[in-house]
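So the structure is just underneath, and the comments pick up after that.
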Amino acid sequence: MQAIRLGRITPGRLDATFAALADPTRRAILARLASGQASVTELAEPFAMSQPAISKHLKVLERAGLVSRGRDAQRRPRRLVARPLAEANEWLERYRRLWEGNFQRLDILLEELKTGQKKTERTRRGDRP
Amino acid sequence: MTNTATLTVATPTEREIVITRTFDAPRALVWETWTNPNYVRKWLLGPEGWTMPVCEIDLRPGGSWRYVWRKLDGVEMAMAGGYIEVTPPERLVSTEKWGPEWPETVNTMVLTESAGRTTTTLTIAYPSREARDAALKTGMTDGSERSFARLDNLLATLV
């Protein structure tokens, strides 16, 4: 069962992932890191934000396990860690599938109702069904 | 039937979940399927094997609603809430509570129509991130199939 497989995800980590993703600056940082590692200075460049402010966001991302530090002692480049994102995505995907099941039933119901309405209109106008 | 509709699920803030889907039907009809108990019980069922024997909707501000689902093995689940704002056929704001251990959410449904198609935007707001996380955790940590079924159903039926 899909649910049991998903059960291995640590809830705390999932919470941390979603909390980290809730901020637009942090999402932008992750988007930047998706195209390759970068130093704090490089990451701060596109933002109208001080380096300490960016560092604060990076700390949240690091605590959530979304970002790790590289070995280069001088630059301490940050890297994207994809796994927690994949897990968060898996949870959302599961959620999406559940809703999609409902909505596909709703599509069918709406189609039936539309057909029913057309028949009623035709009957009212005296058309042959 | 053309079905080019895509469902999107987003977490724009730390305490919200937003679900968007377009239906190939006019707005008045879509509104009807979300608010008329005879229609709601036909589609708002969550995973396979569940039916909705109780679907009570008192559609007015201050009115209440109550859904009870039943699985083939007899397991039942209930969810209830109240209506805050009822503006047919475009906007429905309601509260929802799964049970005492679940946080109450405020759910806002907005329907917009374009060229005979209707987009439903459903925003589920938890009182806080902690509350949203708590709701997630309850289903995620238990590990039994039944609690996952509970979670499945909760997720599938947040209206």
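The values are calculated or read from the model by the stated rules, or taken from the named source; none is laboratory data. Values in this document were obtained by computation on a predicted structure and should not be read as measured data. Using ideal geometry, Cβ is built from the backbone for each residue, glycine included, and neighbour counts are taken over all protein chains shown. For the accessible areas, the whole protein counts, side chains as well, though only heavy atoms, and no ligand, DNA or RNA atoms are used. Shrake-Rupley method; radii C 1.70, N 1.55, O 1.52, S 1.80 Å.
Quick one: in the stretch A:72-81, which of the residues that are in contact with a Leu (Cβ under 8 Å, 6 or more places away or on another chain) and crowded, with 16+ Cβ neighbours inside 10 Å is farthest from the other protein chains (Cβ to nearest Cβ)? For the stretch A:72-81, the residue satisfying everything is A:Arg78.
Just so you know, in the stretch A:12-26 the residues that are among the charged types (D, E, K, R) and part of a helix (DSSP H, G or I) include one that is least open to solvent (accessible area, probe 1.4 Å), and it is A:Asp15.
Summed over the stretch B:110-126, residues that are touching a Lys or Arg at 6+ places or on another chain (Cβ under 7 Å) and either at positive phi or of a type in the set (Ser, Thr, Tyr) (or both) total 3.
Of B:Tyr39, B:Tyr67, all but one fail to be at pLDDT 85 or above, under 27 Å from A:Leu92 (Cα atoms), within 8 Å of chain A (Cβ to nearest Cβ) and outside any loop (DSSP other than H, G, I, E, B); the exception is B:Tyr39. Between B:Thr121, B:Thr112, B:Thr87, B:Thr138, the distinction of being at pLDDT 85 or above, of a type in the set (Val, Ile, Thr), open to solvent by 30 Å² or more (accessible area, probe 1.4 Å) and in contact with a helix residue (DSSP H, G or I) (Cβ under 8 Å, 6 or more places away or on another chain) belongs to B:Thr112 only.
Within the stretch B:6-21, can you find the residues that are more than 7 Å from every other protein chain (Cβ to nearest Cβ) and surrounded by 19 or more Cβ atoms within 10 Å (Cβ to Cβ)? Residues satisfying the conditions are B:Arg15, B:Ile17. Considering the conditions (1) facing another protein chain (nearest Cβ under 10 Å); (2) modelled with pLDDT of 75 or more; (3) over 18 Å from B:Trp50 (Cα atoms), A:Glu93 is excluded by exactly one of them, (2).
Could you tell me whether the stretch B:28-35 includes any residue that is in a loop (DSSP other than H, G, I, E, B), open to solvent by 30 Å² or more (accessible area, probe 1.4 Å) and either at the interface with another protein chain (Cβ under 10 Å from one of its Cβ atoms) or farther than 21 Å from B:Glu90 by Cα (or both)? No, the conditions are met nowhere in the stretch B:28-35.
Per-residue answers, yes or no, for (1) surrounded by 14 or more Cβ atoms within 10 Å (Cβ to Cβ); (2) away from chain B (no Cβ under 11 Å):
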site: A:Arg32; (1), (2): yes, yes
site: A:Thr41; (1), (2): no, yes
site: A:Arg83; (1), (2): no, yes
site: A:Ala88; (1), (2): yes, no
site: A:Leu109; (1), (2): yes, no
